[in-house]
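The structure appears right after this line, and notes come after that.
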Amino acid sequence: MLTTVFLAQARFMQNWSYQELYDQADLVVIAKPISTLETTEKVVLPDISPGSVVGLSTEFDIRVVMKGDKSVKKVTLHHYKLADPQEWMRNGPNLASFDPKQKTRFLLFLHREADGRYSPVSGQVDPAWFSVIKLEGHAD
């Protein structure tokens with residue numbers, strides 16, 4: 001009997017519960033993206049090959065504050081996009097992306113950064129798995 005061995009490439013990923021995300025967040029909101037700007041930031045994400053990314057700042061119009069300062073009306077999310085979206089990547093990240101022209105809302109679990117922007121609680125490698133959740137429906 002012949003057997004074939006396949007090498008699986010995987011990376012460890014923390015499995016976050018909603019309660020863990022909520023507990024560690026400085027701000028939990030439902031918000032709509034209104035603009036995205038590319039920054040000059042260029043970094044390599046850990047445990048991702050090749051993992052070269054470019055910084056983005058996306059501004060959101062807050063609809064509901066579930067945790068944090070209820071007077072906040074806008075928030076800026078610091079996140080990344082691939083430097084070369086055509087580049088093949090093993091175990092690639094699940095990065096968040098937004099189209100401000102759409103009426104899409106997101107549930108965001110966020111940490112406040114020193115510069116006043118916010119970042120995903122679950123980290124920058126896979127924010128779209130846990131901290132940045134696209135909501136379905138048409139509520140405004």
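The values are calculated or read from the model by the stated rules, or taken from the named source; none is laboratory data. Since the model is a prediction, treat every value here as computed from it, not as a measurement. Heads up, the Cβs are rebuilt from the backbone with ideal geometry, glycines too, and the neighbour counts pull from every protein chain shown. Just the protein is used for accessible areas: all its heavy atoms, side chains included, with ligands, DNA and RNA removed. Shrake-Rupley method; radii C 1.70, N 1.55, O 1.52, S 1.80 Å.
Could you list, ordered by first residue, the pairs with Cβ atoms under 6 Å in which the first is in region 116-130 and among the hydrophobic types (A, V, I, L, M, F, W, C) and modelled with pLDDT of 95 or more and the second is open to solvent by 30 Å² or more (accessible area, probe 1.4 Å) and in a helix (DSSP H, G or I), at least 6 apart or interchain? As it stands, the answer is 121/24, since those pairs meet every condition given. Say whether the condition of being in contact (Cβ under 8 Å) with a residue 40 or more places away in the chain, out of contact with any strand residue (DSSP E or B) (no Cβ under 9 Å at 6 or more places or on another chain) and more than 14 Å from residue 111 (Cα to Cα) is met by at least one residue in region 14-24. Within region 14-24, one or more residues are in contact (Cβ under 8 Å) with a residue 40 or more places away in the chain, out of contact with any strand residue (DSSP E or B) (no Cβ under 9 Å at 6 or more places or on another chain) and more than 14 Å from residue 111 (Cα to Cα). Taking the residues in region 99-140 that are charged (D, E, K, R) and not in a loop (DSSP other than H, G, I, E, B) as candidates, determine which candidate is surrounded by the fewest Cβ atoms within 10 Å (Cβ to Cβ). Among those residues, the one meeting the criterion is 134. Residues of region 88-97 that are out of contact with any His (no Cβ under 9 Å at 6 or more places or on another chain) and either hydrophobic (A, V, I, L, M, F, W, C) or open to solvent by 70 Å² or more (accessible area, probe 1.4 Å) (or both): 88, 89, 90.
So which residues in region 48-87 are open to solvent by 20 Å² or more (accessible area, probe 1.4 Å), of a type in the set (Gly, Ala, Ser), modelled with pLDDT of 95 or more and assigned to a strand (DSSP E or B), if there are any at all? The one that is open to solvent by 20 Å² or more (accessible area, probe 1.4 Å), of a type in the set (Gly, Ala, Ser), modelled with pLDDT of 95 or more and assigned to a strand (DSSP E or B): 57.
From the residues in region 37-47 that are touching a residue at least 12 places away in the same chain (Cβ under 8 Å) and aliphatic (A, V, I, L, M), which one is least open to solvent (accessible area, probe 1.4 Å)?
At the first step, the residues of region 37-47 found to be touching a residue at least 12 places away in the same chain (Cβ under 8 Å) are 37-43, 45-47.
In the following step, the residues that additionally are aliphatic (A, V, I, L, M) were identified as 37, 43, 45.
Working: 37: 117, 43: 50, 45: 10 Å².
Once the filter is applied, the top-ranked residue is 45.
Evaluated against (1) in contact with a helix residue (DSSP H, G or I) (Cβ under 6 Å, 6 or more places away or on another chain); (2) surrounded by fewer than 16 Cβ atoms within 10 Å (Cβ to Cβ), residue 34 falls short on exactly one condition, (1).
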